[in-house]
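*Asks:* Before anything else, here's the structure in question.
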Amino acid sequence: MRASVTAHRDFAVSNIDDRLYSAFLEHLGRAIYTGIYEPDHPSADKNGMRGDVAQLVRELRIPYVRYPGGNFVSAYNWEDGVGPREQRPTRLDLAWHTSDSNAVGVHEFYDWCETVGTKPMLAINLGSRGLDEARNFVEYVNGPTGSYWGDLRKQNGRADPFGVKLWCLGNEMDGPWQVGHKTADEYGRLAAETAKTLRAFDKSLELVVCGSSNADMPTYPEWERVVLEHTYESVDHISLHMYFGNRANHTANYLALNEKLDTYIGTVASTIDFVKAKTRSKRQVTISFDEWNVWYHSNAADREVLDGNGGWPHAPRLLEDAYNFEDVLQVACILNTFIRRSDVVRIACIAQLVNVIAPIMAEPGGPAWKQSIYFPYYFASIFGRGTALSLGVTSPGYDADVADNVPYLDISGVHDAQANILTFFAVNRHGSEALELDIDLKGFGDTARVIEHQVMTHPDLKVANTLANQTAVAPSAGRGISADGSRLSGKLAPYSYQVIRVQLG
Ligand code: AHR
């Protein structure tokens, strides 16, 4: 099987917004409590934050982390999480049928962001609450002292405004499961008025309005049209979410799902253009894909807590998917799609970051380790910054549930102009045949040489990194890819993920 690719410096998609490699942390299960925060843990810092988890997060160089939800945010009172800890109330969390001590709130989260070198993207509750609470929250976080909310923040230990610029206007408001679920018209009006009010406080805020929770929602894509017609002039991004699963245990269909993702992005991009034209706007709204990941392994185990049979536990094990090697290929294909659509997808958040459908796992009182999907996310975040290339790809394909002629080769390419390095992220979706890859690099001159080649492959698609075996799935140095100046060639093993880095000049 052969595939050929042409990469040329004159054919670019876009400069990639670094925020494409952002993440998400929700007050859900053990994401916060015994995830990032565990004061009794041997590695905990003076704020009670786990040092071992922080180190794994830091390595990912994550630009932004979305917080505090998720479904959780739609019944959250941000005021519960500020002020002296001993006075903070324990609340029932209606989204996940648990309870929350509120030991972590916006101050603790912000400090943690600084510790791990990231920035907060905060979500506002537009489910059970509304405009006034949103306004108060933003003033508390960013307002000057000498005003009520700024002074309260100072009294709670932080005189300087936090200066958070990126805000989500609610979460998945199209979903009937959401506390305070609304029609597109109801939500669109509320989001527009909230945006107007927040901008009266600070014009420079970057605002994300809710799009669809997934492409199977009955309201999609009409939801996007209606919500954008209400908000086009006052928001910067529309958010999309999508989760992936292999419930039918059919690998070929599973690995084709990013075709559906690509269509979803394309449809919403067209809807944005439609509304832009209809409203005669000069503004360009883009997509914040602020929840994406594989999520299905833990579904059955979670029923006990979600159905309320366990009462209202604090920080139970929920959504703790153990990711396998097959999921590495899936996550790599998803990230390739975001890179290829980086002209319209400016922000994307892997959901989530620790313990809850996460690349990082942490055992209470025990170790923290990298799940299999940590690696494609890591490589994309570290090497996927620069200009996304519009590659010409010719590859044999196969027919899958979601699309016909899905190419066996899924590939993206990024040019880091500063370092003059090209990086290719490639997946061979064929389960038994190797792919002979040939990349024409003449458009980049004739001095190309391979400087790094990482491979992930495994004879067992279902093998996962677990507490007992934390390194079962890991990348290793690749062999057999070479570049002779203007041409790169080599063989991609069946079911493999490859990162190939080429120095130019
Ligand atoms: O990430 C888990 C949940 O998935 C989030 O709370 C919600 O927004 C989505 O449905």
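*Asks:* Applying 1/(1 + (r/R0)^6) with R0 = 25 Å to the Cβ-Cβ distance of LYS442 and ALA419, what FRET efficiency is obtained, to the nearest 0.05?
*Replies:* That gives a FRET efficiency of 0.75.
*Asks:* By how many nm would the segment from GLU304 to GLN155 lengthen if fully extended, with 0.36 nm per residue of separation less the alpha-carbon distance?
*Replies:* Working: separation 149, 0.36 × 149 = 53.64 nm, distance 4.13 nm.
Here the answer is 49.5 nm.
*Asks:* While we're looking at this one, here's another question. Apply the a/c threshold of 1.5 to the C-alpha gyration tensor of region 341-418 and tell me whether it is rounded, prolate or oblate.
*Replies:* Working: a/c = 2.54, a/b = 1.55, b/c = 1.64.
Because a/c hits 1.5 or more and a/b fails to exceed b/c, region 341-418 counts as oblate.
*Asks:* Does anything in region 405-429 have its amide N under 17 Å from the 7 Å Cα→Cβ label point of LYS491, and if so which residues?
*Replies:* 428-429
*Asks:* Placing one identical point scatterer on every Cα of region 220-293 and ignoring solvent, what is log10 I(q)/I(0) from the Debye formula at q = 0.27, 0.28 Å⁻¹?
*Replies:* Each listed q maps to, in turn, -1.25, -1.32.
*Asks:* Still on this model: Determine, from the Cβ-Cβ distance of SER270 and ASP216 and an R0 of 25 Å, the FRET efficiency 1/(1 + (r/R0)^6), rounded to the nearest 0.05.
*Replies:* Values: r = 18 Å, r/R0 = 0.73.
With R0 = 25 Å, the Cβ-Cβ based efficiency is 0.85.
*Asks:* Something else: Keeping all protein chains in place, calculate the accessible area per residue for region 18-63 (probe 1.4 angstrom), answer in Å². Could the numbers behind the result be given before it?
*Replies:* Numbers: 1460 Å² over 46 residues.
Each residue of region 18-63 exposes 32 Å² on average to a 1.4 Å probe.
*Asks:* What percent antiparallel are the DSSP beta bridges of region 39-164, to the nearest 5? The partial results should precede the final answer.
*Replies:* Values: 4 of 9 bridges.
Bridges in region 39-164 that DSSP calls antiparallel: roughly 45 percent.
*Asks:* I would also like to ask the following. Measuring from a point 7 Å past the Cα of TYR296 along Cα-to-C-beta, which residues in region 229-268 have an amide N at less than 20 Å?
*Replies:* It comes to 241-265, nothing else.
*Asks:* Something else about it: Per 5 Å bin from zero, what fraction in whole % of the C-alpha pairs of region 5-130 is there, up to the bin with the longest pair?
*Replies:* 2, 10, 18, 21, 17, 12, 7, 4, 3, 3, 2, 1, 0
*Asks:* I would also like to ask the following. Based on alpha-carbon atoms only, what is the radius of gyration of region 172-231 relative to the globular estimate 2.2 N^0.38 Å?
*Replies:* On the way: Rg = 11.9 Å, N = 60, 2.2 N^0.38 = 10.4 Å.
Cα Rg divided by the expected 2.2 N^0.38 Å: 1.15.
*Asks:* Sticking with this structure for a sec: If I stretch the segment between ARG85 and GLU433 completely, what's the gain in nm (0.36 nm per residue apart, minus their alpha carbon distance), one decimal? All intermediate terms of the calculation are to be shown ahead of the outcome.
*Replies:* Working: separation 348, 0.36 × 348 = 125.28 nm, distance 5.81 nm.
Roughly 119.5 nm would be gained on extension.
*Asks:* Then there's this: If packing is taken as the average count of other Cβ atoms within 10 Å, what order do 151-157, 435-441, 324-330 fall into, highest mean first?
*Replies:* On the way: 151-157: 15.7, 435-441: 20.4, 324-330: 25.3.
With the highest mean Cβ count within 10 Å placed first, the list reads 324-330, 435-441, 151-157.
*Asks:* Sum up the charges of everything whose Cβ sits under 15 Å from the Cβ of ASP399, counting Lys and Arg as +1 and Asp and Glu as -1, but leave ASP399 out. Provide the component values of the computation, followed by the final result.
*Replies:* Details: positive: LYS260, ARG429; negative: GLU259, ASP401, ASP404.
Once positives and negatives cancel, what remains is -1.
*Asks:* Before rounding to the nearest 500, sum -39500 (n - 2.57) across all DSSP H runs of length at least 4 in the chain and divide by the residue total; then give [θ] at 222 nm in deg cm²/dmol.
*Replies:* -8000 deg cm²/dmol
*Asks:* OK, next. Two-decimal Rg/Rh of the chain from alpha-carbon positions, Kirkwood Rh? Kindly include the intermediate steps, with their values, before the conclusion.
*Replies:* On the way: Rg = 22.7 Å, Rh = 23.4 Å.
In the chain, Rg relative to Rh is 0.97.
*Asks:* In Å³ and rounded to a whole number, note down the convex hull volume per residue for the Cα atoms of region 373-505.
*Replies:* About 123 Å³ per residue, rounded to a whole number.
*Asks:* Next up: So for the chain, taking the charge dipole from beta-carbon charges (+1 Lys/Arg, -1 Asp/Glu), which of VAL414, ASN246, MET361 sits furthest toward the positive end?
*Replies:* Of the options given, the answer is VAL414.
*Asks:* With respect to the cross-link table entries LYS119/LYS442; LYS119/LYS182; LYS165/LYS462; LYS165/LYS276; LYS276/LYS442; LYS203/LYS278, which display a Cα-Cα separation exceeding 32 Å?
*Replies:* On the way: LYS119/LYS442 39 Å; LYS119/LYS182 30 Å; LYS165/LYS462 41 Å; LYS165/LYS276 24 Å; LYS276/LYS442 38 Å; LYS203/LYS278 24 Å.
Cα-Cα > 32 Å for LYS119/LYS442; LYS165/LYS462; LYS276/LYS442; rest within.
The values are calculated or read from the model by the stated rules, or taken from the named source; none is laboratory data. Only a predicted model underlies this, so the values are computations on that prediction, with no experimental measurement involved. Please note: Cβ atoms are built from the backbone with ideal geometry, for glycine as well, and neighbour counts cover all protein chains shown. Keep in mind that these areas ignore ligands, DNA and RNA; they rest on the heavy atoms of the full protein, side chains included. Shrake-Rupley method; radii C 1.70, N 1.55, O 1.52, S 1.80 Å.
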